[in-house]
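Can you keep this structure in mind? I'll have questions shortly.
The values are calculated or read from the model by the stated rules, or taken from the named source; none is laboratory data. From a predicted model like this one, the values you see are computed outputs, not experimental measurements. Here Cβ is always computed from backbone atoms with ideal geometry, including for glycine, and neighbour counts include all displayed protein chains.
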Amino acid sequence: MNNTDIPQRLLAELTLLRQRLLDALSLSNQDYHQQLLIQLKVSAPTLWLDLTANKLGPDYQGLIARLEQLEAAMCQIEIGQYGYCCDCEEKIDEQRLQADPASQRCRLCAP
Ligand SMILES: [Zn+2]
């Protein structure tokens with residue numbers, strides 16, 4: 001097993017979920033969702049979480065939480081901290097990262 005495909009997997013899921021967010025907003029008949037959609041379309045995707053913070057209802061919570069997790073993992077790759085548990089700072093095992101490349105915690109610290 002190797003980790004070379006992990007950035008691609010993270011990016012692919014990010015792209016998919018960002019599109020899902022746009023799709024969900026475009027199907028909404030709420031004015032503020034439409035305004036938010038326009039705002040997102042002209043902004044860099046890395047700013048989307050800031051732009052949507054506290055603006056979306058419970059229907060979006062799962063999607064937003066996953067986007068946060070994926071972006072955190074991408075950020076960790078960029079700074080060379082990928083694959084370490086955010087609680088105990090031990091290395092997260094390979095199998096766990098393969099199962100979910102956005103894992104933030106090791107087996108012992110995971111809730
Ligand atoms: Zn840990």
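Could you tell me whether ASP93 is touching a Lys or Arg at 6+ places or on another chain (Cβ under 7 Å) and surrounded by fewer than 16 Cβ atoms within 10 Å (Cβ to Cβ)?
yes
For a quick check of your reading of the model, give me the residue pairs whose first member lies in the stretch 69-98 and is on the phi > 0 side of the Ramachandran plot, whose second is in a loop (DSSP other than H, G, I, E, B) and within 16 Å of the ligand (Cβ to nearest atom), with beta-carbon atoms closer than 6 Å and at least 6 apart or on different chains.
Qualifying pairs under 6 Å: GLY83/ILE92.
State whether one or more residues within the stretch 76-90 are farther than 15 Å from LEU11 by Cα, modelled with pLDDT of 95 or more, in contact with a Phe, Trp or Tyr (Cβ under 8 Å, 6 or more places away or on another chain) and within 15 Å of the ligand (Cβ to nearest atom).
yes
Ok, one more. Could you list all residues from the stretch 91-111 that are away from the ligand (no atom under 14 Å from the Cβ) and part of a helix (DSSP H, G or I)? If you could, list the steps in order and put the result at the bottom.
Within the stretch 91-111, the subset away from the ligand (no atom under 14 Å from the Cβ) is 94-95, 98-102.
Result: GLU94, GLN95, GLN98, ALA99.
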